[in-house]
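Okay, so here's the structure we're looking at.
Nothing in this text is a laboratory measurement; each read-out follows from the coordinates by a stated rule. As the structure is a prediction and not an experimental result, all values here were calculated from the model. Here the Cβ positions follow ideal geometry from the backbone for every residue, glycine too, while neighbour counts run over all protein chains shown.
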Amino acid sequence: MAVLVDPPAWPAHGTLWSHLVSDTSLAELHTFAALAGVPARSFDVDHYDVPASRHAELVARGAAPVSGRDLIRRLVAGGLRHPERRRLAEDAWLREHWAGLATGPSDGSGSVSWEAVGANLLARWSEPGRLHHGRTHLREVLDGVADLALAERAAPRTVRTALLAAWFHDAVHASGRRREAVPVGDALVDDEEASAALALEMLDGDRDAAEVARLVRLTATHEVAPDDRAGALLSDADLAVLGADAPRYADYAAGIRQEYAHVADDVFAPARAAILDRLLEGEVFVTAAAHVRWEARARANLRAEVVALRDRPAGGISGSR
């Protein structure tokens, strides 16, 4: 265990706050936080903010008390430090990417400026509590669409609609933060429907708005028709994390679990396993390029998580919070 917590020293909201980090992996940090009942909304890029009233309890649960200076040093040494300048660089990249989409085959002509729509979307993707469905996922999906489009020689308009749908596909993400939500069925569809409606509203006047909304809805099921080129690009890019290396996949799976930490293990584990089983029933990826790159590793990752979910002892993460 390499979860660390520094002394409460940061004033805000009438109390002092500590930082809870791992110098080993985000997966370890998210798992510890979920078991301790630290809410997902407390996560900020590389740490959880925790109030002074919880410091002693977290130490008793196994977090190692360290000085603030030692916490930063070990976070940097572990490669998990995300300094503010890196966040600003990421923001700049995302804003530039969004601006570039306005120069595509069709520009939005609604009452809200293209820049304002992009700022709204970036703010949504930066909301607290998005441990997986945040800006890292957004950038990975955007990169995935672009890489696959090049390999598949997709037409420019197809690429643009897939990229716009990537920006909108999880723009609304409430399921993981609603106490009554369970990560199956309608809980996910609600988010995709709301995101599709947002796309139609914000892309008012853009000739590709309806197609973008259709693609956003598709990510609720990932059921892609054989001739759906844009859908194949978006679906495969959205699922690319399933074919990541073991540490990245572990971070992803732990992030998903913490987003649904309010759901008890005896509900979450079988629901999550059922979702993964459905993915394993057929080919995970649609495009030839994605299949070559990620299929074998994705199937291994999914099978390993299903085994872990079904072997999980009862009474893990409580749904009482």
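Observations on the model:
- Residue among Ser235, Ser22, Ser42 with the largest mean-square fluctuation in a Gaussian network model of the chain, springs linking Cα atoms under 10 Å: Ser42
- Net length gained if the chain between Arg278 and His13 were fully extended (0.36 nm per residue, minus Cα distance): 90.9 nm
- Full-extension gain in nm, Val59 to Ala288, via 0.36 nm per residue minus C-alpha separation: 77.5 nm
- Considering only the chain, percent of DSSP beta bridges that pair antiparallel, nearest 5: 85 percent
- Take every pair of alpha-carbon atoms less than 8 Å apart whose residues are at least six positions apart; their mean separation over the length of the chain yields a relative contact order of 19 percent.
- Alpha-carbon centroid distance for the pair region 240-286 / region 119-166, whole angstrom: 20 Å
- Ratio of Rg to Rh over the chain (Cα coordinates, Kirkwood Rh, two decimals): 0.98
- Estimated 222 nm signal from helices in the chain, with DSSP H stretches of n ≥ 4 weighted -39500 (n - 2.57), rounded to 500: -18000 deg cm²/dmol
- Region 139-144 - phi-based ³J(HN,Hα) in whole Hz, Karplus 6.51/-1.76/1.60, Gly and Pro as x: 5, 4, 5, 4, 5, x
- Per residue, the average separation of C-alpha pairs within less than 8 Å and at least 6 apart gives region 1-155 a relative contact order of 23 percent.
- Amide H within-cut-off set for Ala155, under 5 Å, with H built and near neighbours excluded: none
- A Förster radius of 22 Å, combined with the Cβ-Cβ distance separating Ser42 from Ala119, puts the computed FRET efficiency at roughly 0.35.
- Interchain or long-range residues, amide H under 5 Å from Leu4's placed H: Val21, Ser22, Asp23, Ala64
- If you wrap region 3-77 in the convex hull of its Cα atoms and look at it from every side, the mean projected area works out to 4.5 nm².
- Selected from Asp251, Asp311, Asp70 as most flexible by GNM, with the chain as the system and alpha-carbon contacts under 10 Å: Asp311
- Tilt relative to the chain, helix 68-77 - C-alpha long axis, 0 to 90 degrees, to 10: 50 degrees
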